[in-house]
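The values are calculated or read from the model by the stated rules, or taken from the named source; none is laboratory data. Everything quoted here is computed from the prediction, not taken from an experiment. All Cβ positions, glycine included, derive from the backbone under ideal geometry; neighbour counts span all protein chains shown. These area figures cover heavy atoms from the full protein model, side chains too; ligands, DNA and RNA do not enter into them. Shrake-Rupley method; radii C 1.70, N 1.55, O 1.52, S 1.80 Å.
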Number of protein chains: 2
Amino acid sequence: MKRTVDGCPIEAERRKELEGRPRVVIIGAGFGGLSAAKALAHTKAHVILIDRRNHHLFQPLLYQVATAGLAPTQIATPIRAILRHQRNTDVVLGHVDGIDTAAQQIMLGERRVAYDHLIVATGARHSYFGRDEWERFAPGLKTLEDATEQRKRILLAFERAELESDPAERARLTTFVVIGGGPTGVETAGAIAELAKKALAKDYRRINPHCARIILVEAGPCVLGAFPEDLSASAQRSLECLGVEVRTGVPVTSIDAYGIKLGAERIDSRCVIWAAGVQSSPAARWLNIPADRAGRATIGADLRAPGHDNIYVIGDCAAVDGASGKPLPGVAPVAKQQGVHAAETIKAALRRKRFTKPFRYVDFGNLATVGRKAAVANFNGFHLRGFIGWLVWSAAHVYFLIGFRNRLAVTIDWFWSYLTFERGARLITGDVTATAAPAARDLEAA
Amino acid sequence: MKRTVDGCPIEAERRKELEGRPRVVIIGAGFGGLSAAKALAHTKAHVILIDRRNHHLFQPLLYQVATAGLAPTQIATPIRAILRHQRNTDVVLGHVDGIDTAAQQIMLGERRVAYDHLIVATGARHSYFGRDEWERFAPGLKTLEDATEQRKRILLAFERAELESDPAERARLTTFVVIGGGPTGVETAGAIAELAKKALAKDYRRINPHCARIILVEAGPCVLGAFPEDLSASAQRSLECLGVEVRTGVPVTSIDAYGIKLGAERIDSRCVIWAAGVQSSPAARWLNIPADRAGRATIGADLRAPGHDNIYVIGDCAAVDGASGKPLPGVAPVAKQQGVHAAETIKAALRRKRFTKPFRYVDFGNLATVGRKAAVANFNGFHLRGFIGWLVWSAAHVYFLIGFRNRLAVTIDWFWSYLTFERGARLITGDVTATAAPAARDLEAA
């Protein structure tokens, strides 16, 4: 029998299926939210996972899209495809604007979604330390659109330099500044260096991309400050081998369309990338609970929001202390483990039990890569660096990607890229006409 | 010696290298322009290839990006990468606004690029047969941005239908109309049917994507009118097996935000796709030469613009008659062969000879696919259809893709897609908030 959509009995069946089931709403399908949803698969709960995107993004590799190494489709998977076989789970594409904790409802525009249990996993965005006007000159990297825009800026800079007759402007166009010496900044700087000095090396006739300057700026005393000293030093050496200039110990004091000021020094650049600060999404504000300086909600050891027995806040929007007393970092493994913990607490509640175990983060280690042949890895005191570190880094990232097809595609791309130095996603898409025109130049004179 | 970009001696070397060489400018790096550029590789000419994009696009597979089958990076290759080893060739990213034939210069904004020989290969865009107001309701497919926008519209339609409570709106959202029964329309309609009825089949809870309606509309008497009758009929049967409704013989009389009118019949749809008419880019206007009804420049049998011994117009912006006296179709093989022919004529001129052979198109055949298992192919009277046709179609498209990496990536994706029915590029990117909000709905009632 062909069922027409408008009279489709599917909706009626679905309603019957869910009648009377406790409802768990999860806001955010990043690492935390998705882990929680998957952990609730075989329960009697009706799970509603809400995200403003239709895909789960593997953020650790976003910088590779931004530096034309991978395609967006290789690091993102449709949420519906991931949760396809979880009958108890609905996926909703929507933008949450607030939470009415009294009525126990989520607000999505005109819609209301009621919950019995709520997990807030809305992540973080960039912080400019109070200098929000810097954002238009130094955009950050949080979404696929950020990444393809960044890719366009970087590739267009070389295109414009090729046609530019003014040497000063040409130098500005081929000077790239990355602000922030954490893993994102280090990886991005290394990747731009490889792009310029290897992949693009023979593509231009009037400029030599090999001469491009890539400058990594870090206000703290060293790059990868969260890593042990020897690994920080190793990462800096690897960056310098790639031709990246590393500046530490001086904060950025201003950013504009033509460059930055680093203390008293001026660095001219037309492409500044922000990888420095993060601030939480407004979870704490929605829930009207205290937050730390970065806006992350201050929550209990059991990940519950203070005063709300049925609300959990996890991932980058939550401030939780680790075993050492210091706040846990905003990294994927923390969010994933918190997602599972929150789900276990809810599962106990569904069985009318109380799960009071505090959250304990199991730290398997830290990884960061510098280009295609060197990485640093710290596994609880066991240090790896160089090529071995890079193999482990690659294997770990491929393993944690979601979807066999993505794993295969990324493995093949990295293998091919390793052999050929090519970067497989060097497309400029979007509006290329809006960039400021360089000075007129008669190519006849060339 | 480390060479700084601003004082980079590369530019001076390049100038010396090109001094005194005859200059061939090619506008457009599609199939025609790129063929011409490659054919001029080992000549004394200085070739300048201008395009407003940095990549060459394999247009025959653009509909696969639009229907979430392939990623943009798999069907586009950076022009610089293709021509990397052609020392005599410059690639310029720029937007041409006119041609000054008296001064023999191309106009790019404030810039002027002089030429000794000129090849215009600027392609075509969509035509709405004088009803340009239809474009905002029924966008076409010519660029990667068109394709990712189309992909977003199609996927968002299902997302919105999932949350829609009004059955009439839900039916509109899951009704897709493709206007134009040529190869693009047939391939697009087949791909949307597969997306809905296979790839998305289990991803929704309240709607059944299998019940989506896909309607292919063609004003002429049959689809694939340029193919032999038996192949047209075969294509129509394959479409109907996929669940596509095919309407022929009635023209579209109006298009708005809620659907189309087909003669007296109204079809409600929120997603109408245009694949019907094309019109040339303004080459004829730039050159001030006669054009046909579609704006294509009327040129000589040797592909020269009338009155201009050193200007050639090729590809979709040129109107050339074939051996049968009918105009040659706007397909890739025609453009490629014309590119080579124009290049040969110029090479002769560079040797101070005259190449007067008229252009003769060697027609190897026509192909069109209907979903993942059926295609029609006509090789000079030898007809293939069904699965064998699809194998030949796939092999031909992979073969003509540019770049080993793209061929490998597409082959793997199609193989995986064939086995799993999945479509590997189901991402919604860009602004998803701007779509009109469906009526408010309390999911509590579900």
Name the pairs: first residue in the stretch B:209-229 and within 14 Å of chain A (Cβ to nearest Cβ) and at pLDDT below 95, second residue assigned to a loop (DSSP other than H, G, I, E, B) and open to solvent by 40 Å² or more (accessible area, probe 1.4 Å), Cβ to Cβ under 7 Å, at least 6 apart or on different chains?
B:C211/A:R3; B:C211/A:T4
Subset of the stretch A:185-207, residues part of a loop (DSSP other than H, G, I, E, B), in contact with an Asp or Glu (Cβ under 8 Å, 6 or more places away or on another chain) and aliphatic (A, V, I, L, M), comes to A:I207
Going residue by residue through the stretch A:20-39, is there one that turns out to be farther than 19 Å from A:G339 by Cα and open to solvent by 40 Å² or more (accessible area, probe 1.4 Å)?
yes
Within the stretch A:54-87, which residues are over 13 Å from the mean Cα position of the chain (by Cα), more than 7 Å from chain B (Cβ to nearest Cβ) and either in contact (Cβ under 8 Å) with a residue 40 or more places away in the chain or under 19 Å from A:I273 (Cα atoms) (or both)?
A:T67, A:A68, A:G69, A:L70, A:Q74, A:T77, A:I79, A:I82, A:L83, A:Q86, A:R87
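Is it fair to say A:E240 is part of a strand (DSSP E or B), within 14 Å of chain B (Cβ to nearest Cβ) and charged (D, E, K, R)?
In short, no.
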Please tell me if B:A276 is open to solvent by 20 Å² or more (accessible area, probe 1.4 Å), out of contact with any strand residue (DSSP E or B) (no Cβ under 8 Å at 6 or more places or on another chain) and on the phi < 0 side of the Ramachandran plot.
no
Qualifying residue in the stretch A:116-133 (condition: at the interface with chain B (Cβ under 8 Å from one of its Cβ atoms), in a strand (DSSP E or B) and either among the small types (G, A, S) or in contact with an Asp or Glu (Cβ under 6 Å, 6 or more places away or on another chain) (or both)):
no
Residue identified as touching a helix residue (DSSP H, G or I) at 6+ places or on another chain (Cβ under 8 Å), open to solvent by 10 Å² or more (accessible area, probe 1.4 Å) and either at negative phi or at pLDDT 95 or above (or both) among A:R247, A:R296, A:R351
A:R296
Restricting the search to the stretch B:153-176, which residues are buried (at least 21 other Cβ atoms within 10 Å of the Cβ) and more than 28 Å from A:D431 (Cβ to Cβ)?
B:A161, B:E162, B:L163, B:E164, B:R170, B:A171, B:R172, B:L173, B:T174, B:T175
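Quick check: anything in the stretch A:30-44 within 22 Å of B:R160 (Cβ to Cβ) and modelled with pLDDT of 95 or more?
Taking every residue of the stretch A:30-44 in turn, at least one turns out to be within 22 Å of B:R160 (Cβ to Cβ) and modelled with pLDDT of 95 or more.
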So B:A114 ticks every box in (1) open to solvent by less than 40 Å² (accessible area, probe 1.4 Å); (2) closer than 26 Å to B:A332 by Cα; (3) not aromatic (F, W, Y) but one. Which box is left unticked?
(2)
Being of a type in the set (A, V, I, L, M) and open to solvent by 20 Å² or more (accessible area, probe 1.4 Å) is the filter; apply it to the stretch B:199-244 and report the residue that is nearest to B:P327 (Cα to Cα).
B:A226
Determine whether the stretch A:93-108 contains at least one residue that is in contact (Cβ under 8 Å) with a residue 24 or more places away in the chain, open to solvent by 10 Å² or more (accessible area, probe 1.4 Å), facing another protein chain (nearest Cβ under 10 Å) and not in a strand (DSSP E or B).
yes
Examine the stretch A:142-152 for a residue that is open to solvent by less than 30 Å² (accessible area, probe 1.4 Å), more than 17 Å from the chain's Cα centre (by Cα) and closer than 22 Å to B:P78 by Cα, and state whether such a residue exists.
yes
